[in-house]
1. In the set A47, A77, which member is exposed (fewer than 12 other Cβ atoms within 10 Å of the Cβ) and at positive phi?
2. Of the conditions (1) surrounded by 12 or more Cβ atoms within 10 Å (Cβ to Cβ); (2) under 15 Å from the mean Cα position of the chain (by Cα); (3) assigned to a loop (DSSP other than H, G, I, E, B), M69 fails just one. Which one is it?
3. Would you say P85 is more than 19 Å from A31 (Cβ to Cβ), of a type outside the set (D, E, K, R), assigned to a loop (DSSP other than H, G, I, E, B) and at pLDDT below 85?
4. May I ask you to say which residue of E93, E113 is closer than 17 Å to R39 by Cβ, touching a strand residue (DSSP E or B) at 6+ places or on another chain (Cβ under 6 Å) and modelled with pLDDT under 85?
5. Which of the numbered conditions does V36 fail, given that it passes all the others? Conditions: (1) surrounded by 12 or more Cβ atoms within 10 Å (Cβ to Cβ); (2) at pLDDT 90 or above; (3) in a loop (DSSP other than H, G, I, E, B).
6. Given the residues L74, L54, which is the only one that is without any contact (Cβ under 8 Å) to a residue 40 or more places away in the chain and in a strand (DSSP E or B)?
7. Quick check on L124: is it without any contact (Cβ under 8 Å) to a residue 24 or more places away in the chain, of a type outside the set (D, E), surrounded by fewer than 18 Cβ atoms within 10 Å (Cβ to Cβ) and in contact with a Phe, Trp or Tyr (Cβ under 8 Å, 6 or more places away or on another chain)?
8. Residues being within 15 Å of the chain's Cα centre (by Cα) and under 17 Å from S48 (Cα atoms): count how many of those fall in region 75-91.
Amino acid sequence: MLVPLAPPGAGLGADFVGRPVREPTPFDPRAVVDFVRARGSVAFPSASLPPDFLDWRRNLRRAAKQIDMRISVLQRADVVWVLNPDYEPSDAEMAAIMDVVGSLVEPETVDFETALHRQHRNRLRVVPEED
């Protein structure tokens, strides 16, 4: 199971071609489930959630069930994680995670979205034009 290294509520990143990727708000259960299906997990500060946590979690599970997806909702300290236990990261995502961890000992750290963008760019190949 992939747990994000970014702090909860980090918000804005970029996908592998540089388009903005925005984390969903916790108030839209379907958007949260779609994001978790695509990315494996998302984290929210507990203070950003609706007041009735059990009802919120129930709505998330209902939205996940509608698309035949399993999720786990974990609340730890001031953070709530929504995880997809069936998510398998790609090779590029795993390499990006290693880049993020490796950057922690370097003077300049790199976030996951930037590292993933670099990994995808490294895999691009220029194809010569046919005559």
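1. That would be A77, the only listed residue that is exposed (fewer than 12 other Cβ atoms within 10 Å of the Cβ) and at positive phi.
2. (2)
3. No.
4. E113
5. The number of the failed condition is (3).
6. Of L74, L54, the one residue that is without any contact (Cβ under 8 Å) to a residue 40 or more places away in the chain and in a strand (DSSP E or B) is L74.
7. no
8. The total comes to 4.
The values are calculated or read from the model by the stated rules, or taken from the named source; none is laboratory data. Computed from a prediction, not measured in an experiment: that's the story for all the values here. Virtual Cβ from ideal backbone geometry, glycine too; neighbours counted across all protein chains shown.
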